[in-house]
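In what follows, a single structure is set out as structure tokens and then discussed.
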Amino acid sequence: MKAIACISQVPDTTTKVKVGSDGRTIDPSGVTYVINPFDEFAVEAAVQLKEKSAAETYVISVGKESAKEVIKKAYAMGIDKGILIKTEAELDSFAVAKNLADVLKEMNADIIFFGKQSIDYDDSQTGTLVAEFLGIPSISVVVDLKIEGNTVIAEREIEGGKEIVEAAMPVVICAQKGMNNPRYPNLKGIMAAKTRPIEEKQPTFTESKTKVVKMELPKIKGKGKIVGTDAAAAVELVKLLREEAKVI
Amino acid sequence: MAKILAFVESRDNKIKNAGFELASTAVKYAAELGAESEILLIGSDVSTVAGSLGAYGVKKVLVAEDARLDKYSTTAYAKIVAETAKQRGCDTVFISATQMGKDLAPRVSAKLDAGLAVDCIDLKVEGGELLATRPVYAGKALIQVKVESPVKLYSLRPNVFKILKAEATADVEKLQLNLTDADFAVKTKEVVVSNEKLDVSEATIIVSGGRGLKGPENYKLVEDLAAVLGAAVGASRAVVDAGWRPHGEQVGQTGKTVSPNLYIACGISGAIQHLAGMSSAKCIVAINKDKDAPIFQIADYGIVGDVFEILPALTEEFKKVLAN
């Protein structure tokens, strides 16, 4: 079996976003970059298949030289081999997915994991796009996954419930929190990952279909009203919500 | 000339609010762009509800019906949406940014070689083209996006675009489908509905709890208030990671991004990743004993006090008022 996790590097969740000088992207100064939190579930899933079914495991990332850091993180978690499709270009999800699909089509993976979305652009597109480019099934927002022979049975989160979805491998699975518990790499793994080689590839597709024209910060509301400090404030709050805000 | 195709989602042959929002939006922008709009319904028996779209100004409804389409299949639905767009000569496709729509839209995008702006919260017509505004970083920032491919896709965030009533008579046309078993390579075997629980992503009111509740056993205070308001129960990442609450309730950058009419944050200090996920709520109430908690900076109304004292009082007061 061959299991591949596609991962990306993003600003961590504590990042306070500032608009960069180009007016279209974030100011990277002072930002800590990490593996996309949802991609940790993807990496963990692949590593578990290595442990259970002796799967050969890979991670692939599209990004700058610095994205090697997230590949090393995946190594430390137990992934065998990493590939970086190295580009400085600003690519949208369509272009990222095209590049991934071009590499993946030569690899004959049985199962390809993604995080359900990256926490920077929140696009929730790449995994499913890749599946369509490869002409294979996909299941997104997966909170539980079972593999029986050549078939995967996944629980997919929907509004107010879940769908039980079935497909045959090869398949793309986009992981939601809850699918597994990503392991913390140990120090030995982290040290060993530092010197492991990472294969570099050239991008094959650099033409985005969407263009970000402008980035801005959401308007800050005026300072709110402090209604009170004790249970008596409850009466006043209910009145305000009904008569002033008119939301009840 | 532009022509808009809007895929209006249905489950069990029923259209939810997000669908009516999408239909209204398609009609509205078609008028602004001087274009036509057509609505597409997919399901096993959706012609029964097709006519109801007339009340939103819809003049044309295309119906894709097949017993096998009773549940969502990413492969089959994507094929129908993409082929319909092609056959009807539509260059703009609207899809709701629901769990179904977010799964469907990328496949349609690949099939139509079309750029996709996801989760849009505003669309503006500029020079005869649509300019989309959408949140990124879970709402910490907004971007304006232009789709530059000949065919353009937009997914629209639910509970943001208005439902607009306008009398029209919807002409309903059944589509000829060519579906093979291969089109159902991905199959939904079962839909499990958690009846007792309203989902944060669909709720108009959310009551959320955080670490200030001190333990999972005290979450009952949040649930009681939510029950009185008919609200969904939400949670901060801290309490989900601590195992107090299921991950499906998590609001924030690594949970769900929500925009309800009313969000009541109880014992939540307001970590930046949490604020990102809920700051677009129309009205925010914060209850926290720390007056310097960041949540108060975005709250419309705050009570600086003890959640254990205030929540029961608030629940009682709502009970009293809503009973009248």
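In table form, for the structure just shown:
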read-out: Test: residue in segment B:216-227 that is within 14 Å of chain A (Cβ to nearest Cβ), touching a residue at least 12 places away in the same chain (Cβ under 8 Å) and surrounded by fewer than 19 Cβ atoms within 10 Å (Cβ to Cβ); value: yes
read-out: Residue among B:96, B:47 that alone is touching a strand residue (DSSP E or B) at 6+ places or on another chain (Cβ under 8 Å), within 12 Å of chain A (Cβ to nearest Cβ) and not basic (Lys, Arg); value: B:96
read-out: Residues of segment A:117-130 classified as part of a helix (DSSP H, G or I) and more than 7 Å from chain B (Cβ to nearest Cβ), total; value: 3
read-out: Those residues of segment B:43-60 which are under 22 Å from the mean Cα position of the chain (by Cα) and assigned to a strand (DSSP E or B), in sequence order; value: B:43, B:56
read-out: Some residue of segment B:237-248 being in contact with a Ser or Thr (Cβ under 9 Å, 6 or more places away or on another chain) and either at positive phi or in contact (Cβ under 8 Å) with a residue 40 or more places away in the chain (or both); value: yes
read-out: Members of segment B:183-196 found to be more than 7 Å from chain A (Cβ to nearest Cβ) and over 9 Å from residue B:76 (Cβ atoms), listed by number; value: B:195, B:196
read-out: Matching option when the condition is of a type in the set (Gly, Ala, Ser), out of contact with any helix residue (DSSP H, G or I) (no Cβ under 6 Å at 6 or more places or on another chain) and at pLDDT 95 or above, among A:175, A:233; value: A:233
read-out: Any strands (runs of 3 or more DSSP E) falling wholly within segment A:159-248 and containing at least 1 residues that are facing chain B (nearest Cβ under 8 Å) and over 25 Å from residue A:139 (Cβ atoms); value: A:210-216, A:225-228
read-out: Residue match in segment A:145-158 (condition: surrounded by fewer than 24 Cβ atoms within 10 Å (Cβ to Cβ), part of a loop (DSSP other than H, G, I, E, B) and either touching an Asp or Glu at 6+ places or on another chain (Cβ under 6 Å) or of a type in the set (S, T, N, Q) (or both)); value: yes
read-out: All strands (runs of 3 or more DSSP E) inside segment B:107-148 with 1 or more residues being more than 7 Å from every other protein chain (Cβ to nearest Cβ), of a type in the set (D, E, K, R) and in contact with a strand residue (DSSP E or B) (Cβ under 9 Å, 6 or more places away or on another chain); value: B:122-126, B:129-136
read-out: Flag for residue B:180 being modelled with pLDDT of 95 or more, away from chain A (no Cβ under 11 Å) and surrounded by 22 or more Cβ atoms within 10 Å (Cβ to Cβ); value: no
read-out: Selection status of residue B:232, within 12 Å of chain A (Cβ to nearest Cβ), touching a helix residue (DSSP H, G or I) at 6+ places or on another chain (Cβ under 9 Å) and touching a residue at least 24 places away in the same chain (Cβ under 8 Å); value: yes
read-out: Residue check for residue A:130: closer than 22 Å to residue A:55 by Cβ and surrounded by 21 or more Cβ atoms within 10 Å (Cβ to Cβ); value: yes
read-out: Leading residue by the ranking (farthest from residue A:104 (Cα to Cα)) among those in segment A:69-86 that are surrounded by fewer than 18 Cβ atoms within 10 Å (Cβ to Cβ) and out of contact with any helix residue (DSSP H, G or I) (no Cβ under 8 Å at 6 or more places or on another chain); value: A:69
read-out: Hits in segment A:97-111 (condition: basic (Lys, Arg) and either in contact with a Ser or Thr (Cβ under 6 Å, 6 or more places away or on another chain) or within 10 Å of chain B (Cβ to nearest Cβ) (or both)); value: A:98
read-out: Sole residue being buried (at least 24 other Cβ atoms within 10 Å of the Cβ), among the hydrophobic types (A, V, I, L, M, F, W, C) and under 27 Å from residue B:168 (Cβ atoms), chosen from B:121, B:39; value: B:39
read-out: Sole residue being among the aromatic types (Phe, Trp, Tyr) and more than 9 Å from every other protein chain (Cβ to nearest Cβ), chosen from A:133, A:114; value: A:114
read-out: From A:21, A:66, residue being among the hydroxyl-bearing types (Ser, Thr, Tyr), surrounded by fewer than 16 Cβ atoms within 10 Å (Cβ to Cβ) and assigned to a helix (DSSP H, G or I); value: A:66
read-out: Number of positions in segment B:61-87 that are surrounded by fewer than 18 Cβ atoms within 10 Å (Cβ to Cβ) and under 22 Å from residue B:152 (Cβ atoms); value: 3
read-out: Total residues in segment B:249-273, condition more than 8 Å from chain A (Cβ to nearest Cβ) and without any contact (Cβ under 8 Å) to a residue 60 or more places away in the chain; value: 11
read-out: Qualifying residue in segment B:152-170 (condition: among the small types (Gly, Ala, Ser), within 29 Å of residue B:73 (Cα to Cα) and over 19 Å from the mean Cα position of the chain (by Cα)); value: yes
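The values are calculated or read from the model by the stated rules, or taken from the named source; none is laboratory data. Computed from a prediction, not measured in an experiment: that's the story for all the values here. As a convention, Cβ positions derive from the backbone with ideal geometry for all residues, glycine included, and neighbour counts pool all protein chains shown.
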